[in-house]
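K.L.:
Have a look at this one before I ask anything.
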Amino acid sequence: MKRVENFLETMIFSSRWLLVPFYIGLAISIALLLVKFGKEFLHFVEYVFTGTSTDVVIGLLTMIDVVLLSNLLLIIIFAGYENFVSKIDTAGHEDRPDWMGKVDFSDLKMKLMGSIVAISGIELLKAFVDVESFTNEQLGWKVGIHLTFVISGLLFAVGDWLAHKKH
C-alpha cells in the first residue's frame, strides 16, 4: 500500500509541470503585447504631429496601459513558476529582480490587484480625458467597475493583514 501511496504522491507532485505551457503562453502574450505597443506607438507619433492634446494624452495612457499589463504578466509568470513549479536558477545574475523568489501567493495576489486597479484607473482617466465620447451611463459603469476593483483590493489587503496578524 505504501508503494501505491508513493506513486500517487509522485504523480501529484509531478503534475505541477503541467502549468509550464500556461507560463509559456503568457510569455508569448508579452511578445504579442509588444506588437500592440509598437502599433500604439506609431499612432502616438502621428498624434503628436497631427492630433489634439487629448489624442496625445490618450495615446500615452494607452501605451502605459500596455506596459502595466506586460509587467503584470511578467510578475505572474515569474512568481507563479517559482511558487508552483520550480525555482528559477539565475546563478546570481546581476539583473535578477529583487522580488523574485520572495513573492508568495499572498504577495502575488496583492500585486495582481494593485496592477488591476492601476490599469482600471488608467482606463478611467482615458475616459474622462475624452469625456464627450461617453454617455453618463458608460462613465458611471467605468467608475463603478473601478471602485469595485479598489474595494476588492482593500478587502484583500485587510484580509492579508488580519491573516498575518494571527500568525
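Quick note: the coordinates plus some simple rules give every number you see, no bench work behind them. Bear in mind the structure is a predicted one, so any value in this text is a computation, not a measurement. Cβ: placed from backbone, ideal geometry, glycine included. Neighbour counts: every protein chain shown.
K.L.:
For the stretch 1-88, report the translational diffusion coefficient in µm²/s to the nearest whole number, using Stokes-Einstein at 10 °C, 1.306 mPa s, and a Kirkwood Rh over Cα pairs.
P.N.:
Working: Rh = 15.8 Å.
D, rounded to a whole number, is 100 µm²/s.
K.L.:
Here is a further query. Could you size up the charge dipole of the chain around its Cα centre, putting +1 on the beta carbon of Lys and Arg and -1 on that of Asp and Glu, and report it in debye to the nearest 20?
P.N.:
Numbers: 14 positive and 18 negative charges, 145 e Å.
It works out to roughly 700 debye.
K.L.:
In addition: In degrees, nearest 10, range 0 to 90: what is the angle between the Cα axis of helix 20-50 and the longest Cα principal axis of the chain?
P.N.:
Helix 20-50 sits at roughly 10 degrees to that axis.
K.L.:
Under 22 Å between C-alpha atoms is the cut-off here; go through the chain and count lysine pairs that meet it, provided they're at least eight residues apart or on different chains.
P.N.:
Eligible lysine pairs with Cα atoms under 22 Å apart amount to 14.
K.L.:
If you don't mind, another one. What nm distance separates the two modelled labels at Val143 and Asp104, each placed 7 Å from Cα along Cα→Cβ?
P.N.:
3.9
K.L.:
Taking 0.36 nm per residue of separation and subtracting the Cα-Cα distance, what length does fully extending Asp130 through Ala91 add?
P.N.:
Working: separation 39, 0.36 × 39 = 14.04 nm, distance 4.82 nm.
This chain segment gains 9.2 nm when fully extended.
K.L.:
Related question: Quick check: convex hull of the Cα atoms in the chain, volume per residue, rounded to a whole Å³?
P.N.:
Details: hull volume 30.3 nm³, N = 167.
Normalising the Cα hull of the chain by residue number yields 182 Å³.
K.L.:
Once you keep just the Cα pairs under 8 angstrom separated by 6 or more residues, what percentage relative contact order results for the stretch 19-166?
P.N.:
24
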